[in-house]
Structure formats: C-alpha cells, structure tokens
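A quick write-up on the structure given underneath.
The values are calculated or read from the model by the stated rules, or taken from the named source; none is laboratory data. Model, not experiment: these values are computed from the prediction. Positions of Cβ are generated from backbone atoms using ideal geometry, with glycine treated the same way; all protein chains shown enter the neighbour counts. Side chains are part of the model used for accessible areas, which takes the heavy atoms of the whole protein and leaves out ligands, DNA and RNA. Shrake-Rupley method; radii C 1.70, N 1.55, O 1.52, S 1.80 Å.
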Amino acid sequence: SEPEPAVPVPAPESAPEPEAARVIPPTRKVPVIAPAYKRADAGKLAALLGHLGTPAELPALAALLDTPHHEAALAALAQIVNRHEAALPDVLAQGNARVRVSVLPIARTRSTTPAIRALLADEDDETRAAACEALARLGDVDAVPQLFALLEDPRPRVALAATAAIHSLHSADTE
C-alpha cells in the first residue's frame with residue numbers, strides 16, 4: 001500500500017508573544033507553552049523559576065501576581081530576590097500597585113530602602129502604607145521625615161502605617 005500524500009498544514013499566524021509567555025527563557029530547555037499565565041501548571045513553573053531563576057525572570061513572575069497563581073509567583077519572587085536582592089528596586093519601579101504591595105514584604109536589606117522611600121509618594125494608598133511597613137521592618141531611620149509627612153495623608157490606612165513605622169523606628173527624631 002502506498003503512503004498517503006502529505007497534507008500541507010498552514011503555519012499559525014504570527015502574533016507578538018505576551019510577556020508572561022517568556023516566564024522561562026528558551027535557554028533553560030524547559031517546555032513552556034505560551035501564554036504561561038493561562039496554563040494550569042503556571043504555579044509549578046513559577047516554583048521552578050524560584051529555584052532556577054535569575055533577576056531576568058522577575059518581571060514575568062511579577063506579571064503572574066495578577067493571576068490565580070499569585071502565591072506561587074510571590075514565593076518564587078522571594079527566592080530569586082533572596083539570591084539577587086539588588087534586582088528588587090527594578091521590580092518595585094516597574095510593577096503595578098498590586099505587584100508593589102505584594103513584593104514589598106520581600107525586601108530584606110537596607111540597600112532597597114531608597115527605592116522603598118520613593119514609594120512613600122506613590123499614588124496608590126496601599127503602596128504607601130506597605131512602604132511604611134517595609135521601612136519600619138528594615139529599620140530605616142532616614143525615612144522618618146518622610147513618614148512624619150505621611151501623618152497628614154488623607155487616607156487613614158497610610159497615616160496609621162506611618163504612625164506605626166515612626167513608633168517602631170526609635171530614632172532621635174521620633175522621641
């Protein structure tokens with residue numbers, strides 16, 4: 001019997017690849033089907049990136065924070081940032097408000113405080129409040145003058161977070 005003739009298959013239309021589709025770079029040789037954030041196993045991919053990832057993957061993981069895979073993405077971000085803390089200011093500067101609020105608790109070293117202090121002027125009140133909490137946790141007494149300014153913030157959540165931060169910092173300016 002003769003083989004059946006090959007049927008030509010049309011090539012798929014070329015479309016720009018979404019950012020989340022690049023969660024794992026092709027050089028890692030891990031199979032990923034775009035867009036990664038729609039995959040049921042995106043949480044597992046995020047966990048894998050937490051173990052293997054570099055700062056280059058932080059924006060894609062940050063994009064997963066707005067998906068049902070939020071917890072896995074946040075854990076992966078924490079693992080990468082713990083290995084590459086210097087990359088955190090870029091994530092804070094590039095992310096949306098939800099990303100910033102989710103990522104601020106990951107900050108572990110005082111080298112990130114300038115980027116966090118900049119968020120005290122963010123338009124989002126939850127970001128401002130989370131920045132107050134992060135600065136208090138990191139012991140950034142240099143932020144006290146900015147924190148005092150936030151006592152006048154029209155959003156009670158921000159003013160309360162600033163008050164708590166000021167009380168916890170115990171500097172000469174807070175006595």
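From Cα pairs below 8 angstrom and at least 6 apart in sequence, can you work out the relative contact order of the stretch 90-169, rounded to a whole percent?
27 percent.
Within the stretch 123-156, find all residues whose amide N lies under 11 Å from a label point positioned 7 Å from the Cα of residue 163 along Cα-to-beta-carbon.
Within reach of a label on residue 163, which here means backbone N under 11 Å from a point 7 Å along Cα→Cβ, the stretch 123-156 contributes 151-152, 156.
Could you give each residue of the stretch 160-171 its phi-based ³J(HN,Hα) in whole Hz, using Karplus coefficients 6.51, -1.76, 1.60 with θ = phi - 60°, and x for Gly or Pro?
Values per residue, Gly and Pro as x: 5, 5, 5, 4, 4, 5, 4, 5, 7, 7, 6, 9 Hz.
Could you give the length gained by full extension between residue 137 and residue 86, i.e. 0.36 nm per residue of separation minus their alpha carbon distance, to one decimal place?
16.6 nm
Per residue, how much accessible surface does the stretch 113-175 expose to a 1.4 Å probe? Answer in Å², no decimals.
It amounts to 51 Å² per residue over the stretch 113-175.
Got a number for carbon plus sulfur as a percent of the stretch 46-113's accessible area, 1.4 Å probe?
Summing carbon and sulfur atoms, their accessible area is 60 percent of the total for the stretch 46-113.
In sequence order, what are the phi-derived ³J(HN,Hα) couplings for the stretch 52-69 according to the Karplus relation 6.51 cos²θ - 1.76 cosθ + 1.60 with θ = phi - 60°, rounded to whole Hz, with x for glycine and proline?
Each residue of the stretch 52-69 in turn: 9, x, 10, x, 4, 8, 4, x, 5, 5, 4, 5, 6, 5, 9, 10, x, 9 Hz.
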